[in-house]
Amino acid sequence: MTYAGKVGDVKVHVAQHPLITHKVTILRDEKTPSSIFRELIGEIVTLLAYEATREVKTVPVTVKTPVAMAEGAVMAKPDAVVIPILRAGLGMLDGMVRLMPSVQVGFLGMVRDEHTLQAKTYANRLPQDLHNHECFVLDPMLATGGTLISAIHYLIDLGATDITMICILSSPEGVAALEKEFEGTSANLTLVTAALDEKLNEKGYIIPGLGDAGDRLYGVV
Ligand code: URA
């Protein structure tokens, strides 16, 4: 994982690991079937989660081993909240909770208008007070940034101050949009992504990308 530095007030980490590159390459391949695609998404998220949780808060504890006392640390309360953005973010949930089984899970349903490319919220199920909760937002594709920007505003309005976004692929345009929107923010915002792609096309798809993540996960409905 490289630390690509602070882009504006958003910290950006781009994975640089051969295992992640290998899995992302298979994910991109249009011949990869949904069943394998879903498995790979889970595996990549678990690998990204390792980096994304590097600064998770812990409290010191002492435990008794069979032979001695040991000083250690466990994750602090209140529990972190993982928020998949429906529909495609749902495909990332298992990979995240595998690593952090004690988290709370909230849901945010957002859809992108294909003509205006603007994101609209159509459903939400979240704790109504996110003060002191570390939030992990799951969305496979950071394209224009519209969906994530709306989601982050939503969480900040509920009191969140510590938000990590986990995306499989990101576009330079999406990263720039996040930077512009949250310049000077007092929130602690971090993006962890498996790859930073080349650009967006005129339809808002990431190039080279992997196509429509929701369709590849769940088929066209
Ligand atoms: N959403 C997707 O699923 N794919 C893209 O390339 C861009 C947005």
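The numbers here are math on the coordinates, done by the rules we state, and not lab data. Here the structure is a predicted model, which means the values were calculated and not measured. With ideal geometry, Cβ positions are generated from the backbone for all residues, glycine too; neighbour counts draw on all protein chains shown.
Checked against a 29 Å cut-off, the cross-linked pairs 120/199; 23/180; 11/203; 23/199 give Cα-Cα distances beyond that limit for 23/180. Counting other Cβ atoms within 10 Å as a rough exposure proxy, the listed residues 75, 96 run 75, 96 from fewest neighbours to most. Specify the inter-centroid distance of the stretch 100-159 and the stretch 45-80, based on alpha-carbon positions, in whole Å. Distance between centres, Cα-based: 26 Å.
Summed over qualifying helices (DSSP H, 4 residues or more, each -39500 (n - 2.57)) and divided by its residue number, the chain shows a 222 nm mean residue ellipticity of -8500 deg cm²/dmol. A Cβ-based charge dipole, computed about the Cα centre of the chain with Lys and Arg at +1 and Asp and Glu at -1, lands at about 440 debye. Counting neighbouring beta carbons within 10 Å and listing from fewest to most, the residues 32, 116 come out as 116, 32. Listed from fewest to most Cβ neighbours within 10 Å, the set 92, 110, 100 follows the order 100, 110, 92.
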